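This report concerns only the one structure given below.
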Amino acid sequence: MPNITVQLLAGRDINQRRAFVKDVTDSAVLTLGARRGDVRIVFEEITPDTVANGGVLASEDDSRAEVVSRFVPQASS
C-alpha cells in the first residue's frame, strides 16, 4: 500500500487537490502496480514561516514572494 505524504503551501483549493490526487493515484497504479483503493495520500500544509530554502524562511525570501502570495493569505498589519 503506497502511503504518499505531500507537503505544500497552504491555500490550494479543493479542485486542485482533487486533480492532484487523481493524477498521483493513477501514476501509483500504473507505475507501482498498486491497487487504486490502497493508494493513500496525505496533505501536510506548511506556511511560509515554517519552511526555509537556502537558509532563508520562505516568508522572508523575496524570490519566493510571488508563489507565497498566490497561496497564502497575507496577514493584516
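Values quoted throughout were computed directly from the atomic coordinates according to the rules given, and no laboratory measurement underlies them. Owing to the predicted nature of the structure, the values given are computational and were not obtained by experimental measurement. FYI the Cβ positions are ideal-geometry reconstructions off the backbone, even for glycines, and counts take in every protein chain you see.
Data overview
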quantity	calculated
Amide H contacts of I46 (H built 1.01 Å from N, under 5 Å, at least 5 apart or other chain)	L8, L9, A10
Antiparallel bridge percentage (DSSP; both residues within the stretch 2-77; nearest 5)	20 percent
Residues L57 and T31, FRET efficiency given R0 of 35 Å [Cβ-Cβ distance, rounded to 0.05]	0.50
Proximal charge balance of Q7 [Cβ under 10 Å; K/R count +1, D/E count -1]	-2
Helix 14-27 axis, angle to the chain major axis (alpha carbon atoms, nearest 10°)	40 degrees
Option label - Kirkwood radius over Cα pairs in Å computed here, alternatives (1) 18.1; (2) 14.2; (3) 12.7	(2)
Around E60: net Lys/Arg minus Asp/Glu count, Cβ-Cβ under 15 Å	-3
Unit charges at the beta carbon, dipole of the chain: most positive-side option, V67, V29, N15	V29
Radius 15 Å from Cβ of V39, net charge of other residues (Lys, Arg +1; Asp, Glu -1)	+3
